[in-house]
Structures are given as structure tokens and as C-alpha cells.
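Working notes, structure below.
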Amino acid sequence: MLEEKLKEAIVGELKRQAANRPQSLKVDGSSEELVVNGKIDLAELAMVIAGSVAGGP
């Protein structure tokens, strides 16, 4: 269950970042396998992962 929540949080955040900055980040795939090309904001990704582990939205 925790693993699934973490995967969803990571995929969701990467896709959100890609939607906000399509010129610098592209994300293709699903929660099982992703292809990521570009710059990732690790601070935002870490915040989402921490929130997921803590039970946040």
C-alpha cells in the first residue's frame, strides 16, 4: 500500500512539473515504468514524497 502511494505521488508530481514546464521536462509512461527527459525540481518532488509518507494529500 505504501509503495503504491509513493509511486502515485512521484508519477503525479513529475507529470505536474512536465505540464508546467513542457519545454524543459517530458514524462512518458505509467506508474510502473517512466521515461523522463529534462530537469526535475527535486525540492518539490521531495516535498510531495514526504507528504505522501506523512499521509498528506
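The values are calculated or read from the model by the stated rules, or taken from the named source; none is laboratory data. Predicted, not measured: the structure shown is a model, and the values here were computed from it. Cβ sites come from the backbone with ideal geometry, for glycine too, and all protein chains shown count toward neighbours. Just the protein is used for accessible areas: all its heavy atoms, side chains included, with ligands, DNA and RNA removed. Shrake-Rupley method; radii C 1.70, N 1.55, O 1.52, S 1.80 Å.
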* When the solvent-accessible surface of protein heavy atoms is calculated with a 1.4 angstrom probe, in what order do E44, E3 fall, highest first? -> E3, E44
* Add +1 for every Lys or Arg and -1 for every Asp or Glu among the other residues with Cβ under 11 Å from the Cβ of K15, and state the total. => -1
* Accessible surface, per residue, of the chain when the full set of protein chains is kept, probe 1.4 Å, Å² -> 71 Å²
* To do: Counting other Cβ atoms within 10 Å, keep those with at most 10, restrict to DSSP loop, and tell me which trypsin sites (Lys or Arg not before Pro) in the chain are left.
  => K39
* For K39, what charge total do you get from the other residues with a beta carbon under 15 Å from its beta carbon, if Lys and Arg give +1 and Asp and Glu give -1? -> +1
* **Within the accessible area of the chain (1.4 Å probe), percent carbon and sulfur** => 61 percent
* With all protein chains modelled, accessible area of E33 [1.4 Å, Å²] -> 140 Å²
* With θ set to phi - 60°, apply the Karplus curve 6.51 cos²θ - 1.76 cosθ + 1.60 along the stretch 23-30 and write out the HN-Hα couplings as whole Hz, x wherever there is a Gly or Pro. => 6, 10, 8, 10, 10, 10, x, 10
